1. Looking at the stretch 26-60 only, could you name the residues that are more than 12 Å from ligand 2 (Cβ to nearest atom), under 22 Å from L187 (Cα atoms) and in a loop (DSSP other than H, G, I, E, B)?
2. Would you point out the residue of the stretch 54-78, among those that are in contact (Cβ under 8 Å) with a residue 40 or more places away in the chain and surrounded by fewer than 16 Cβ atoms within 10 Å (Cβ to Cβ), that is farthest from A20 (Cα to Cα)?
3. Looking at T42 and the list (1) of a type in the set (S, T, Y); (2) buried (at least 20 other Cβ atoms within 10 Å of the Cβ); (3) within 17 Å of C212 (Cβ to Cβ), which single condition is not satisfied?
4. Does S36 satisfy the criteria of being at pLDDT below 95 and polar (S, T, N, Q)?
5. Only residues that are of a type in the set (S, T, Y) and in a helix (DSSP H, G or I): list them for the stretch 172-194, please.
6. In the stretch 236-252, how many residues are in contact with a helix residue (DSSP H, G or I) (Cβ under 9 Å, 6 or more places away or on another chain) and either at pLDDT 95 or above or part of a helix (DSSP H, G or I) (or both)?
7. Would you mention how many residues in the stretch 207-235 are assigned to a strand (DSSP E or B), touching a helix residue (DSSP H, G or I) at 6+ places or on another chain (Cβ under 8 Å) and more than 16 Å from ligand 2 (Cβ to nearest atom)?
8. What are the residues in the stretch 61-90 that are within 30 Å of R141 (Cβ to Cβ), assigned to a strand (DSSP E or B) and away from ligand 1 (no atom under 12 Å from the Cβ), if any?
Amino acid sequence: MLRLTNLTKSFGGNKAVQDANLQVAKPSMIGIIGRSGAGKSTLLRMVNRLTDATSGQIVFEGNDVTALVGAAKRNWQSQCAMIFQQFNLVPRMDVVSNVLHGTLNRRSTLATMFNMYPASDVHKAIDILDRLGIAEHAPKRAEALSGGQQQRVAIARALMQDPKIILADEPIASLDPMNAQVVMQSLRRIHEEDGRMVIANLHTLDTARRYCDRVVGMRDGKIVFDGTPEQLTTSMAREIYGADTSFSEAATSTEIQTLDREYA
Ligand SMILES: Nc1ncnc2c1ncn2[C@@H]1O[C@H](COP(=O)(O)OP(=O)(O)OP(=O)(O)O)[C@@H](O)[C@H]1O
Ligand SMILES: [Mg+2]
């Protein structure tokens, strides 16, 4: 389905991502972990074409994504919706309009200027909000919602595009543990029920283990681990995070109670 080949991004002399290779054969839920600066965001941004790769290739369902320009590139960007740590909603706009923004790609400028949405789109937006458990907040301003609710609005906006892939860059980094759980469960459900691929940068190991089928570990711009949560041993985790033997998984935990599970 998705294949990254020797994907590289340089900023001056600094290689943010270096020769990343990844093959995803079926829609999976993938967690990317690694310490700050490892290249996680840069990798996702290249896949979405928010950033152009310096070299290497991205192929999705046989098409060379790296080569797309203009309308074809925009079409790709709506097929792989992006979700961010800071939600990126319009704070003073109501929830349903924020969600409808997800259809912007295929609407005329005129319709957008006058905030005209087809009734079918409005119904679809409410249905998606309902599915995410936040339909009752539809008329409220986005800024009136909690962080976890706002992130679900951002997920709803992404779903309006009916994307094949959802790319989430630290979707729960600004949330408390309860909200983090709800948001991760929402992403998991979207993956399982709709068969969409989800690739999420996560800064905590336990989240990647719990929700993802596959974990990719990055260090200094390189993919240094690619396997199942079971294959990710504590010593491997130490290597990904560049930590010594004092490293414990609890140190990267989002849990209220620290993890007592050990992967020897
Ligand atoms: N626009 C940019 N200009 C210059 N350097 C950049 C730019 N974006 C990222 N970098 C550098 O690329 C490297 C990887 O950054 P990236 O943001 O991808 O890491 P990350 O794994 O997402 O980190 P974090 O966990 O802190 O979000 C870092 O060294 C960073 O300083
Ligand atoms: Mg990042």
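1. K26, P27, S28, R49, L50
2. Taking the candidates together, the pick is E61.
3. (3)
4. yes
5. Of everything in the stretch 172-194, just one residue is of a type in the set (S, T, Y) and in a helix (DSSP H, G or I), namely S186.
6. Count: 7.
7. Total satisfying the criteria: 3.
8. Answer for the stretch 61-90, where residues must be within 30 Å of R141 (Cβ to Cβ), assigned to a strand (DSSP E or B) and away from ligand 1 (no atom under 12 Å from the Cβ): C80, A81, M82, I83.
The values are calculated or read from the model by the stated rules, or taken from the named source; none is laboratory data. These numbers were taken from a predicted model, which means no experiment stands behind them. All Cβ positions, glycine included, derive from the backbone under ideal geometry; neighbour counts span all protein chains shown.
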